[in-house]
């Protein structure tokens, strides 16, 4: 077996040693860290957990000052496992590649981390381990300014069906745009009843799709409204001044902590979503306010022209 082939299947620590850059670097490693998590792109992987194994090696700049046996002066193993836990807690992911890249990026935010090798393997999807391995260096990481918290706090507006059909809709959107805040619009299902089935998970998907159909109805009413389904799309849209209409299926189904609100209670579902995006407030036009919300709530009647 050639050395290249052997290294392709070797532990990340061996690959790190074989490809070490000029100059001394220390290494810390976390081996065979197994977590049960829901992950995967296939339908059979939804609603179930599977064992995922992490092997991570971090090359760190040597500490030049005396350590004095002080844990605060080194990059702790805990920071590596915390990076894994933090990324798993953000949202349900379909791809190991996405998870590996996010874990690597988070580790490289640590000042001492110079290069990181991340190997992630699914242990329960076949007769062997199925996985990916990536290498990222500090030069690949976003600059400190980009890594800083740049969370945008949107204005979230829930529109009832009467509000969607209202002749005041354009005027409301004009007023909302004038505030300069990122804008996300949420809707419920149309008044036409959705199909009913006895299977709970199937019904949940049907109800979510009914909301998405109505999102497209709203988008057809004003060209500024763009239907978006993922956090990536929403983040980009908010940073670029685009008015979003939330299509909820992907974010709801991929959520690590599923909302207690059902799709049929669309206002409560929108409030859950507003909390996740740390909205400035949630304006509800033409519907009753949800029973509880962690973001400020404001109600408005569809007869009102001024917000």
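Relative to the longest principal axis of the Cα atoms of the chain, the long axis of helix 96-107 lies at roughly 70 degrees. Which angle from 0 to 90°, rounded to the nearest 10, does the C-alpha axis of helix 169-178 make with the longest principal axis of the chain? Orientation of helix 169-178: about 50 degrees from the principal axis. Counting only DSSP beta bridges with both residues in the chain, the antiparallel share comes to about 55 percent. Each of 158, 77 was scored by other Cβ atoms within 10 Å of its Cβ. Arranged with the fewest first, they read 77, 158.
Among 114, 201, a tally of other beta-carbon atoms within 10 Å of each Cβ gives an order, fewest to most, of 201, 114. GNM remark for the chain: springs join alpha carbons under 10 Å apart, and the peak mean-square fluctuation among 106, 231, 115 falls on 231.
Against the chain, whose longest principal axis comes from its Cα atoms, helix 200-221 is set at around 70 degrees.
In terms of surrounding Cβ atoms within a 10 Å radius of their Cβ, 168, 199 rank from fewest to most as 199, 168.
Only the coordinates and a few stated rules stand behind these numbers; no lab work does. What you see is a predicted model, and the numbers here were worked out from it, not measured in a lab. We place every Cβ from the backbone using ideal geometry, glycine too, and count neighbours over all the protein chains shown.
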